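Data block below; observations after.
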């Protein structure tokens with residue numbers, strides 16, 4: 001049974017709905033591909049899926065192994081290609097409000113690099129994962 005429904009709204013906009021929760025997001029064609037931008041693009045959602053997966057995997061590891069980090073966040077950058085049109089590279093930064101010992105650092109990077117979304121991506125896509133320790137993490141109430 002489908003869990004996601006996508007309904008085109010115009011030639012460069014679609015409404016994506018998670019059927020179980022009824023959560024919705026508008027997806028538009030990005031300016032670099034001739035669209036209006038101003039909302040998530042399909043490639044933004046790919047980057048967001050990877051970021052959410054990394055956050056879940058790293059968060060589970062930190063909690064399970066009681067690795068003290070304070071807060072953390074995941075940032076994902078993307079580089080697009082034109083011929084063919086595709087995501088060429090994703091750069092994931094795990095920003096921690098702590099400094100890890102070498103073993104914990106290795107384990108966090110391994111957890112981030114082996115999340116299910118990352119494992120599902122084409123080997124042609126360049127995937128870079130790094131840690132930024134002692135980062136200043138904005139409060140959840142502040143806007144990015």
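The values are calculated or read from the model by the stated rules, or taken from the named source; none is laboratory data. Everything quoted here is computed from the prediction, not taken from an experiment. Note that each Cβ is placed from the backbone with ideal geometry, even for glycine, and that neighbours are counted across all protein chains shown.
Scanning the stretch 117-130 for residues that are surrounded by 11 or more Cβ atoms within 10 Å (Cβ to Cβ) and closer than 17 Å to residue 58 by Cβ yields 117, 118, 127, 128, 129, 130.
Just a yes or no: is a residue in the stretch 88-108 touching a residue at least 60 places away in the same chain (Cβ under 8 Å) and in contact with a strand residue (DSSP E or B) (Cβ under 9 Å, 6 or more places away or on another chain)? No, that holds for no residue. Among the numbered conditions (1) touching a helix residue (DSSP H, G or I) at 6+ places or on another chain (Cβ under 8 Å); (2) under 29 Å from residue 31 (Cβ atoms), the only one that residue 91 does not meet is (1). Is at least one residue of the stretch 88-100 under 16 Å from the mean Cα position of the chain (by Cα), within 22 Å of residue 4 (Cβ to Cβ) and surrounded by fewer than 18 Cβ atoms within 10 Å (Cβ to Cβ)? No: zero hits. Looking across the stretch 60-81, the residues that are in contact with a strand residue (DSSP E or B) (Cβ under 9 Å, 6 or more places away or on another chain), farther than 13 Å from residue 47 by Cβ and touching a residue at least 24 places away in the same chain (Cβ under 8 Å) come down to 62, 69, 70, 71, 72, 73. Here are some conditions: (1) surrounded by 14 or more Cβ atoms within 10 Å (Cβ to Cβ); (2) closer than 28 Å to residue 119 by Cβ. Residue 12 meets all but one. Which one does it not meet? Of (1) surrounded by 14 or more Cβ atoms within 10 Å (Cβ to Cβ); (2) closer than 28 Å to residue 119 by Cβ, only one is false for residue 12: (2). Working only within the stretch 15-39, note down all residues that are in contact with a helix residue (DSSP H, G or I) (Cβ under 8 Å, 6 or more places away or on another chain), surrounded by fewer than 16 Cβ atoms within 10 Å (Cβ to Cβ) and closer than 23 Å to residue 118 by Cα. If the condition is that a residue be in contact with a helix residue (DSSP H, G or I) (Cβ under 8 Å, 6 or more places away or on another chain), surrounded by fewer than 16 Cβ atoms within 10 Å (Cβ to Cβ) and closer than 23 Å to residue 118 by Cα, then 25 is the only one that fits. Among the criteria (1) over 18 Å from the mean Cα position of the chain (by Cα); (2) outside the structural domain of residue 106 (by TED's automatic domain parsing); (3) under 30 Å from residue 108 (Cβ atoms), the one residue 14 does not fulfil is (3). With respect to the stated conditions, residue 57 is surrounded by 11 or more Cβ atoms within 10 Å (Cβ to Cβ) and in contact (Cβ under 8 Å) with a residue 12 or more places away in the chain.
Residue-wise test of (1) on the phi > 0 side of the Ramachandran plot; (2) in the same structural domain as residue 10 (by TED's automatic domain parsing); (3) assigned to a helix (DSSP H, G or I).
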residue	(1), (2), (3)
52	no, no, yes
55	no, no, yes
62	no, no, yes
70	yes, no, no
78	no, no, no
100	no, no, no
106	no, no, yes
110	no, no, yes
123	no, no, no
